[in-house]
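The values are calculated or read from the model by the stated rules, or taken from the named source; none is laboratory data. Quantities reported herein were computed from a predicted structural model and do not represent experimental measurements. Counting neighbours? That spans all protein chains shown, and the Cβs are built from the backbone with ideal geometry, glycine included.
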Amino acid sequence: MQIPPFALERYFGRYEFSAPHMLSAADCETWSAGDLFALEEGSLDDFCSMRFGYTESQGDPTLREEISDLSGDIGPDRCVVFAGAEEAIYITMHALLSPGDHVVILSPAYQSLHEVPRHIGADVSYWQMKEESGWRPDMAELWSLIRPETKCIVINTPHNPTGFHFSAAELDEIIGIAEEKGIWLFSDEVYRFGEYSSADLLPSVASWYEKGISVGVMSKSFGLAGLRLGWVATRDTDLISRMLAWKDYTTICTSAPAEFLSTLALRHRETIIARNRDILNENRALLNAFFARHPDLFCCREPRAGPVCFPRFMGEEGAEAFCDTLVRETGVILLPSTVFGAGDEHIRFGFGRWDMVPALAVLEEYLAKNGR
């Protein structure tokens, strides 16, 4: 059985490494190897003395200590390291789900969060987010979607592509629903630590709920996508055993240099998070001002956390046609809502990188040139 093409990845694949202006990135400003080594004296010497042998399948114990620490101290034995969040999603879904299971997915969503369960043979229901409510989904609707065969609820907070973020009370309510029904709660937390204020940081779901599964990654809030390193944290050791059995058929283990550099970065995560939070807040103000100057084209619900937002595009041609024309004529990449299976009326903007500023200037010049 063939899995459908990943619409977002195929769209980026056409333009991401050739077009000069990325205005839809979901990752924060990256760091160089020199930036990382400068964080800790002696780290470059340690890296140079490292042997490039195989690593432990579950992940380096020191790295898992750091992951456990940011996941509520659930213990390094309850953390598994993967080659990016995509492998973490793929393997965890296969270890958790069986044909005939039912899954409720917060929507719109990153495609693998619903396409992998569907490919396994699970029935998928969509818990729709409400633009008119600031993208907040209705808890009563979640209740209505639960069935006797529901195995898992899948959420993503901070949310891609809308920038919505649950409050602690809302997340507690979702956990209460899952707990009452004995349902797994799969929490995509790859944008965690991308809150605009540290006060909005939520606990890891894995630390909060016995059947919670938390997915994290070095790519987004840490700005280290090239390391291709992610993880899963969960209290269920039987699920971890099943994940490791699946991993033996994929990557087996992750890259030793990536594990070393990820460990180094997580030891200094406060410095990394603080810099990227400053960039998010500066760029968010610039982007809000841009939307205010173009109210006839864009209507944006204020994002609550993370490096992306999802304004409504009100041009007659539709979001996809606008984005396609824009990248061909200017080299500015924006993502239309069609790649999320969310209609043709929204566009994802990304504002976690310094290069947002010149990209936004090119977009504004294009709009002025075309009288918009």
Here are the criteria: (1) more than 15 Å from the chain's Cα centre (by Cα); (2) not in a helix (DSSP H, G or I). Tell me which single one Ile273 does not satisfy. (2)
Asp101 meets each of (1) under 20 Å from Ser187 (Cβ atoms); (2) of a type outside the set (Gly, Ala, Ser); (3) within 24 Å of the chain's Cα centre (by Cα) with one exception, condition (3)
Show the residue pairs that are 6+ apart or on different chains and have beta-carbon atoms under 8 Å apart, the first residue being within the range 158-169 and over 15 Å from Cys300 (Cβ atoms) and buried (at least 24 other Cβ atoms within 10 Å of the Cβ), the second being modelled with pLDDT under 95 and basic (Lys, Arg). none
Mind checking which helices (runs of 4 or more DSSP H) fall wholly inside the range 202-270 and carry at least 2 residues that are under 21 Å from the mean Cα position of the chain (by Cα), crowded, with 24+ Cβ neighbours inside 10 Å and hydrophobic (A, V, I, L, M, F, W, C)? 205-208
Does Val104 count as buried (at least 17 other Cβ atoms within 10 Å of the Cβ), in a strand (DSSP E or B) and of a type outside the set (S, T, N, Q)? yes
Subset of the range 54-73, residues within 28 Å of Leu142 (Cα to Cα) and surrounded by 19 or more Cβ atoms within 10 Å (Cβ to Cβ), comes to Ser71
When residues of the range 190-201 are filtered for being more than 14 Å from Ile155 (Cα to Cα) and either touching a Pro at 6+ places or on another chain (Cβ under 7 Å) or outside any loop (DSSP other than H, G, I, E, B) (or both), how many remain? 5
